[in-house]
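First comes the structure, then the notes that go with it.
The values are calculated or read from the model by the stated rules, or taken from the named source; none is laboratory data. Keep in mind that what you see is a predicted model, and the values were worked out from it rather than measured. Cβ coordinates were reconstructed from backbone atoms using ideal geometry, including for glycine residues, and neighbour counts include every protein chain displayed.
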Amino acid sequence: MLWEGFLSDLIIAYINRDSSQFAVHLRNALETDLTPKQTRIYSAFTTLTIPTHLNKADVISLIDGQGNNISFSNFNDLNDAAARWLAATDAAKIANLTNAQKAILNALTAVRNQIAHRSEQAHKAMQIALSAGALYPTGLQRGTNAVSQIGSYLKARPQGHASKRIEIFLS
């Protein structure tokens, strides 16, 4: 989906622009997983040097060596990853989104998963995401009834809005 690709590219670009926090994450990831014996060997014989700037190819290979997009199941996962990987100013751009923007991200992810998987779990997650109170002023909050057909929900114009829900999501 375009959204996942965009978000993955955005995170990689932020890390590529300022790798300082990502370098801290890499060091912590390595040192946390060492056994006590490995820690003694590491301390006595090894020096870890992470370049001050990681190029895009290095960032991509360190995040996912398989070449997949970085994906997040909800806003909280995105926010946690941003805090771990991104410089403070870039992480703040994500953390400081409004409640409505956070709810939109959760709803967009849930709708995407429902369209892609059509599973009962995806359907339930979508119902929860679309019932978030923060979505009310956006026109994306579902009514009292559950959404049974995602296509009908997306092509509908919410009351008081000139745009269809799919256009609201895209904007």
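For (1) closer than 30 Å to V111 by Cβ; (2) part of a loop (DSSP other than H, G, I, E, B); (3) of a type outside the set (K, R), each residue gets a yes or a no:
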site	(1), (2), (3)
Y14	yes, no, yes
L34	no, yes, yes
Y42	no, no, yes
P51	no, yes, yes
L54	no, yes, yes
I60	yes, no, yes
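For the stretch 85-118, filtering for residues that are out of contact with any helix residue (DSSP H, G or I) (no Cβ under 8 Å at 6 or more places or on another chain), over 24 Å from I15 (Cβ atoms) and assigned to a helix (DSSP H, G or I) leaves 1.
Based on what the data block shows, is L154 surrounded by 11 or more Cβ atoms within 10 Å (Cβ to Cβ), touching a residue at least 12 places away in the same chain (Cβ under 8 Å), closer than 21 Å to N99 by Cβ and not small (G, A, S)? Answer is no for this residue. The requirement of being assigned to a helix (DSSP H, G or I), under 18 Å from the mean Cα position of the chain (by Cα) and not hydroxyl-bearing (S, T, Y) is fulfilled nowhere in the stretch 139-155; no residue meets it. Restricting to the stretch 91-107, what's the tally of residues that are closer than 19 Å to I166 by Cβ and buried (at least 19 other Cβ atoms within 10 Å of the Cβ)? Going through the stretch 91-107 one residue at a time, the tally reaches 5. N76 passes every criterion in (1) part of a helix (DSSP H, G or I); (2) closer than 13 Å to I12 by Cβ; (3) not small (G, A, S) apart from (2). Applying a threshold of 8 Å to beta carbon distances and a minimum spacing of six or more residues, or different chains, the list of pairs starting in the stretch 134-149 at a residue that is closer than 22 Å to A116 by Cα and ending at one that is loosely packed, with under 13 Cβ neighbours inside 10 Å reads Q141/G133. Inclusion of G160 among residues that are surrounded by fewer than 19 Cβ atoms within 10 Å (Cβ to Cβ), at positive phi and assigned by TED's automatic domain parsing to the domain that holds R27 is not warranted. Scanning the stretch 1-46 for residues that are of a type in the set (S, T, Y), in contact with a Leu (Cβ under 7 Å, 6 or more places away or on another chain) and free of Cβ contacts under 8 Å to residues at least 24 places away in the same chain turns up just one, Y42.
The residue list N28, N68 contains one member that is at pLDDT 90 or above and among the polar types (S, T, N, Q), which is N28.
Do we find a residue being exposed (fewer than 14 other Cβ atoms within 10 Å of the Cβ), out of contact with any Cys (no Cβ under 7 Å at 6 or more places or on another chain) and more than 19 Å from I12 (Cβ to Cβ) anywhere in the stretch 50-72? No, the stretch 50-72 contains no residue that is exposed (fewer than 14 other Cβ atoms within 10 Å of the Cβ), out of contact with any Cys (no Cβ under 7 Å at 6 or more places or on another chain) and more than 19 Å from I12 (Cβ to Cβ).
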